[in-house]
């Protein structure tokens, strides 16, 4: 496709016209496209996209979470994140002030919580024959 645009037009008008044409011609959305699986004949059909690393990290975090829940001293979610080093930019540093420490702990806790919920859901689905 070749566009011919007069440079005598103002920048705002050129951008507006270009965006209108681009919207018509380029209809894809942002993000990774979900795979459309046809009717599977597998004994255990795949339910969603996943990566092996994501499954491994989720199971490691889930195992550590469950093992600490049985003992007397329960690890906090952000402590599990620090131990597994899941977010490199959220690792606590001695020079961090209290606000920065709190922000990093919240980020780690939210990430660990997300991994635990996803892993629990996957474990339930595998019991139903849906993988992952």
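Derivation of every value follows stated rules applied to the coordinates shown; laboratory data play no part. Not measured: the values here are computed from a predicted model. Cβ sites come from the backbone with ideal geometry, for glycine too, and all protein chains shown count toward neighbours.
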Any idea which of (1) touching a residue at least 12 places away in the same chain (Cβ under 8 Å); (2) surrounded by 15 or more Cβ atoms within 10 Å (Cβ to Cβ); (3) in a helix (DSSP H, G or I) is the one residue 21 doesn't satisfy?
-> (2)
Scanning for something under 30 Å from residue 6 (Cβ atoms) and not in a helix (DSSP H, G or I), does region 121-131 turn up at least one residue?
-> no
